[in-house]
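One structure, as structure tokens, below. Some questions next.
The values are calculated or read from the model by the stated rules, or taken from the named source; none is laboratory data. Predicted model only: the values in this text are computed from it and were never measured. Cβ placement follows ideal geometry from the backbone for every residue including glycine, while neighbour counts extend to all protein chains displayed.
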């Protein structure tokens with residue numbers, strides 16, 4: 001990188017997050033951050049409950065996790081962008097700086113979340129390649145597992161439209177299905193992996209729902 005990034009000044013915490021407030025913002029609070037895995041974060045602090053809005057409008061980005069978590073205060077949530085690979089820090093910084101510019105004077109949390117999601121959607125459209133990327137064998141196996149659970153849901157538990165709405169896999173959410181106060185994470189295992197389950201991120205074990213289930 002040709003210039004320092006704000007994350008360079010943030011120590012890696014032993015647990016939870018280390019944050020540094022973005023200077024010059026008069027709207028919703030925005031923070032640079034690091035998690036216990038030393039990953040680079042951008043955090044937007046929201047007062048209120050925006051779970052329904054997030055689930056409806058969330059966008060997935062290759063290489064960046066988009067998440068909504070409960071905050072430290074009562075009635076507070078955090079909209080968090082997490083960079084997957086440090087080698088892409090310069091690109092992530094560019095996205096974050098333009099997003100911060102869009103939010104600099106936005107005081108209303110619901111509007112701020114809408115602006116952030118729309119901004120990410122524009123970035124995704126701008127960076128999208130002309131040809132779709134083929135799924136890897138592991139991704140194909142994971143998709144098959146999610147579709148199998150989707151079929152079970154609309155056969156035994158939910159009306160078909162509600163089952164499809166509950167499927168969050170295409171949005172790259174931390175859980176594959178969310179409905180009511182329940183969340184389901186699906187793990188599809190090959191023959192040699194049947195004795196273990198790999199959790200790629202501790203975020204997969206955190207949910208805004210009251211109940212979280214792991215299906216293999």
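Of the conditions (1) closer than 20 Å to residue 54 by Cβ; (2) in a helix (DSSP H, G or I); (3) at pLDDT below 90, residue 117 satisfies every one except a single condition; which number is it?
So residue 117 meets the others, but not (3).
Quick check on this structure: which one of 59, 66 is farther than 21 Å from residue 19 by Cβ and surrounded by 15 or more Cβ atoms within 10 Å (Cβ to Cβ)?
59
List every residue pair whose Cβ atoms lie under 9 Å apart, where the two residues are 6 or more positions apart in sequence or sit on different chains, the first residue falls within segment 117-132 and is over 17 Å from residue 66 (Cα atoms), and the second residue, located anywhere, is part of a helix (DSSP H, G or I) and at pLDDT 85 or above.
none
Checking the conditions here, which among 106, 59 is within 16 Å of the chain's Cα centre (by Cα) and in a loop (DSSP other than H, G, I, E, B)?
Result of the check over 106, 59: 59.
Sticking with this one: When you go through (1) surrounded by fewer than 19 Cβ atoms within 10 Å (Cβ to Cβ); (2) farther than 25 Å from residue 175 by Cα one by one for residue 110, which number turns out not to apply?
(2)
Among the residues of segment 15-31, which ones are free of Cβ contacts under 8 Å to residues at least 60 places away in the same chain and either assigned to a strand (DSSP E or B) or not assigned by TED's automatic domain parsing to the domain that holds residue 118 (or both)?
17, 18, 19, 20, 21, 31
If residue 43 meets every condition in (1) without any contact (Cβ under 8 Å) to a residue 24 or more places away in the chain; (2) in contact with a strand residue (DSSP E or B) (Cβ under 9 Å, 6 or more places away or on another chain) apart from one, which number is that one?
(1)
While we're looking at this one, here's another question. Of the conditions (1) in the same structural domain as residue 53 (by TED's automatic domain parsing); (2) assigned to a helix (DSSP H, G or I); (3) buried (at least 18 other Cβ atoms within 10 Å of the Cβ), residue 81 clears all except one; give me its number.
The number of the failed condition is (2).
Moving on. Within segment 37-56, can you find the residues that are more than 29 Å from residue 4 (Cβ to Cβ) and assigned to a strand (DSSP E or B)? I'd like the intermediate steps shown before the answer.
Step one: filter segment 37-56 for residues more than 29 Å from residue 4 (Cβ to Cβ), giving 47-56.
Hit for segment 37-56 is 47, nothing else.
Given the criterion at pLDDT below 90, surrounded by fewer than 14 Cβ atoms within 10 Å (Cβ to Cβ) and assigned to a helix (DSSP H, G or I), identify the matching residue among 134, 91, 143, 152.
Of 134, 91, 143, 152, the one residue that is at pLDDT below 90, surrounded by fewer than 14 Cβ atoms within 10 Å (Cβ to Cβ) and assigned to a helix (DSSP H, G or I) is 152.
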